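Just so it is clear, none of the values below were taken in a lab; they were calculated from the coordinates. Keep in mind the model is a prediction, meaning the values are calculated, not measured. Counting neighbours? That spans all protein chains shown, and the Cβs are built from the backbone with ideal geometry, glycine included.
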């Protein structure tokens, strides 16, 4: 097995261009939204910009190039060890002096003044390991013994760690992607229903046992019930989106970014909608949809099931998380707190997402291109 992909084979340039267009849009939106931090107590603007543009964008583009050159079949050989390593990395957040707690959640590791979120690496590791496992089971995936129960076990292990970090949304994204991969690999719909019902039961228990989750539900039903908390964020988000009108106020002209909580985080879509309006928001959503369609096309043309499942898993996680963010800011679903991939602040998320794009590009080298 060659570690590097032969350079004679071409990547899917259409998918690459669609990815870079979203990244470019993200840089523009982030640049404007970051000015909202100037009037807020919180992260220093210089630190946020450095984290996003250097640790996320610059190193992410290097990671994209490197992963596009690495033979994707290598990931299958090492997927189990990568997954175990990612689990251990996520346990390190609970160690004193290394783990960082913010807003009641312990999700970050801080080393030398730099922080990163290990759950982002776990999402990629999960997709790689699940793709390797599902492709190895083949027809056995349809059975409860080799399909349903092992998947439930894997998700349970992840749940124990992620729930302890108070990061319910990340687990939801991973579970959704895992179920899509399971279905694509040949899993039975009745087994899928069992997992879905189990998940709903877990969510119910979490909602009644964790006040902040209950607050999200009640705020979604009636935003006026929590005017100083998440209800305030939803109200200000809707004001921003409504203020954008058809064509927006113009680049850099958002007024709500100085009021919105987390203008460079989970509220960044609202800033974009205010500055670029309905037309700009629709274009951004269309870019994500085209990115997904082209990505799934790469997966459909992969030379083996492992390659196809990797692409399905990665694209599914990116799209589920991104649309959860946008839907929450529009008041369609309860507030999630999930960043908008490629756009929201989060150097770790951007770095990992660009590496994932590189892996998909490598899979495309072996498939049929237009």
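Using a simple spin-label model with points 7 Å from Cα along the Cα→Cβ vector, what separation in nm is obtained for residue 157 and residue 208?
A separation of 3.0 nm, rounded to one decimal place.
In what sequence, highest mean first, do 153-166, 341-354 appear when ranked by Cβ atoms within 10 angstrom?
Those peptides, ordered most packed to least, come out 341-354, 153-166.
Kindly provide the helix-only [θ] at 222 nm of the chain, computed as the sum of -39,500 (n - 2.57) over DSSP H runs of four or more divided by all residues, to the nearest 500 deg cm²/dmol?
That calculation yields -21500 deg cm²/dmol at 222 nm.
I'd like to compare 177-186, 258-267: which one has the highest average count of other Cβ atoms within 10 Å, and what's the full order after that? List each step's numbers first, then the result.
Details: 177-186: 20.4, 258-267: 22.1.
Order by mean packing, descending: 258-267, 177-186.
With a/c under 1.5 counting as rounded, go ahead and sort segment 139-260 into rounded, prolate or oblate using the C-alpha gyration tensor (a ≥ b ≥ c being the square roots of the eigenvalues; past the cut-off, prolate if a/b is larger than b/c, else oblate).
Because a/c hits 1.5 or more and a/b exceeds b/c, segment 139-260 counts as prolate.
How large are Rg and Dmax for segment 72-151 when only the alpha carbon atoms are used, in Å?
16.0, 49
Quick one: compute a quarter of the convex hull surface over the Cα atoms of segment 260-302 and quote it in nm².
Reported value for the Cα convex hull: 3.5 nm².
At residue 232 and residue 166, where each label point lies 7 Å from the Cα along Cα→Cβ, what is the point-to-point distance in nanometres?
1.8 nm
If you take Cα extents along the principal axes in Å from the coordinates, which of (i) 97, 69, 42; (ii) 66, 40, 36; (iii) 54, 49, 42 do you get?
(iii)
With all distinct Cα pairs included, what does the Kirkwood hydrodynamic radius of segment 23-169 come out to in Å, to one decimal, could you say?
17.9 Å
When the C-alpha atoms of segment 278-370 are aligned to their principal axes, what extent does each axis show, in angstrom, from largest down?
41, 28, 19
Starting from the Cα-Cα distance between residue 286 and residue 97, subtract it from 0.36 nm times their residue separation and give me the gain in nm to one decimal. Walk me through the numbers on the way to the answer.
Details: separation 189, 0.36 × 189 = 68.04 nm, distance 4.31 nm.
Fully extending the segment from residue 286 to residue 97 adds 63.7 nm.
In what sequence, highest mean first, do 275-282, 313-320 appear when ranked by Cβ atoms within 10 angstrom?
Most protected by this proxy first, the peptides run 313-320, 275-282.
Any idea what the relative contact order of segment 177-282 is, in percent, if you count C-alpha pairs under 8 Å spaced at least 6 apart?
Across segment 177-282, relative contact order equals 20 percent.
Once Rh is set to the Kirkwood radius over Cα pairs, what Stokes-Einstein translational diffusion coefficient, in µm²/s, holds for segment 129-207 at a temperature of 37 °C and a viscosity of 0.692 mPa s?
Values: Rh = 12.8 Å.
Estimated diffusion coefficient is 257 µm²/s.
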